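Down below is the structure, laid out as structure tokens.
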Amino acid sequence: MKDTITHLAQHLGKQLKKQQAQVTTAESCTGGGIAEAITRISGSSSWFEAGYITYSNKQKTLMLNVPNQLFDTVGAVSEEVVMAMVGGAIAKSNAQYGVAVSGVAGPTGGTEHHPVGMVWFAWYTNNQCYTHCAQFTGNRASIREQTIQLALHGLIRLTQQKTPVES
């Protein structure tokens, strides 16, 4: 899967370079994995603006201005939180594209409403936010890799003026 992820990151870089655009990431469950995949690519400094690893709710609020009350009302693994995360990352970085992820990679931490493998995504460009909830299976590493892959795939689709996830 690492080869697939590297290929996706290379493709994203080509698309962004053509547009002279930058991307930013706001990550929780992937712990910086999306940014790591992007920075594997030589020359990514011309199209990767910033990555925010906000694993704790406190850091989501401090670094990305996620409203603290969201954690009590909808929880960290929610559409509202990833929308706020990507909005904060875009506002702080001034990138043209952004992605945010928050989920339960497991093997612990899952609940009835937020099971292991549940990941919320938010992609942003041109003042428009797109969200998607995925339910992945596998171990912790596999769930994180699947999340990174879908995040990058969604960004590529955005650069092609498509919705991040096919309907």
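The residue pairs whose first member lies in region 109-122 and is within 17 Å of Ile34 (Cα to Cα), whose second member is part of a loop (DSSP other than H, G, I, E, B) and basic (Lys, Arg), and whose beta carbons are closer than 7 Å, counting only pairs six or more residues apart or on different chains, do not exist in this structure.
Yes/no per residue for (1) within 14 Å of Ser28 (Cβ to Cβ); (2) touching a strand residue (DSSP E or B) at 6+ places or on another chain (Cβ under 8 Å):
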residue	(1), (2)
His113	no, no
Met118	yes, yes
Asn127	no, no
Thr131	no, yes
Phe136	no, yes
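Remark: pairs (first residue in region 2-17, farther than 16 Å from Thr159 by Cα; second residue open to solvent by less than 30 Å² (accessible area, probe 1.4 Å) and not hydrophobic (A, V, I, L, M, F, W, C); Cβ separation under 9 Å; 6+ apart in sequence or on different chains) = Ile5/Gly33. Can you tell me how many residues in region 24-60 are among the β-branched types (Val, Ile, Thr) and either assigned to a helix (DSSP H, G or I) or at positive phi (or both)? Matching residues across region 24-60 total 3. Pro164 meets the conditions (1) within 22 Å of Asp3 (Cα to Cα); (2) open to solvent by 10 Å² or more (accessible area, probe 1.4 Å); (3) assigned to a loop (DSSP other than H, G, I, E, B) in every case but one. The failed one is (2). For region 121-150, which positions are of a type in the set (Val, Ile, Thr) and outside any loop (DSSP other than H, G, I, E, B)? Residues satisfying the conditions are Thr125, Thr131, Ile143, Thr147, Ile148. If the condition is being assigned to a helix (DSSP H, G or I), over 15 Å from Ile34 (Cβ atoms) and touching a residue at least 40 places away in the same chain (Cβ under 8 Å), then region 61-89 contributes Glu79, Met83, Gly87, Gly88.
Residue-by-condition table, conditions (1) open to solvent by 60 Å² or more (accessible area, probe 1.4 Å); (2) out of contact with any Pro (no Cβ under 8 Å at 6 or more places or on another chain); (3) over 19 Å from Arg144 (Cα atoms):
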{"position": "Ile5", "(1), (2), (3)": "no, yes, no"}
{"position": "Gln20", "(1), (2), (3)": "yes, yes, yes"}
{"position": "Thr25", "(1), (2), (3)": "no, yes, no"}
{"position": "Ser56", "(1), (2), (3)": "no, yes, no"}
{"position": "Thr61", "(1), (2), (3)": "no, no, yes"}
{"position": "Leu64", "(1), (2), (3)": "no, yes, yes"}
{"position": "Pro67", "(1), (2), (3)": "no, yes, yes"}
{"position": "Gly75", "(1), (2), (3)": "no, yes, yes"}
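Which one is least open to solvent (accessible area, probe 1.4 Å), of the residues in region 83-118 that are among the β-branched types (Val, Ile, Thr) and over 20 Å from Thr159 (Cα atoms)? This residue is Val104.
The values are calculated or read from the model by the stated rules, or taken from the named source; none is laboratory data. Keep in mind that this is a model prediction, so the values were computed, not measured. All Cβ positions, glycine included, derive from the backbone under ideal geometry; neighbour counts span all protein chains shown. We work out accessible area using only protein heavy atoms, side chains counted, and drop any ligands, DNA or RNA first. Shrake-Rupley method; radii C 1.70, N 1.55, O 1.52, S 1.80 Å.
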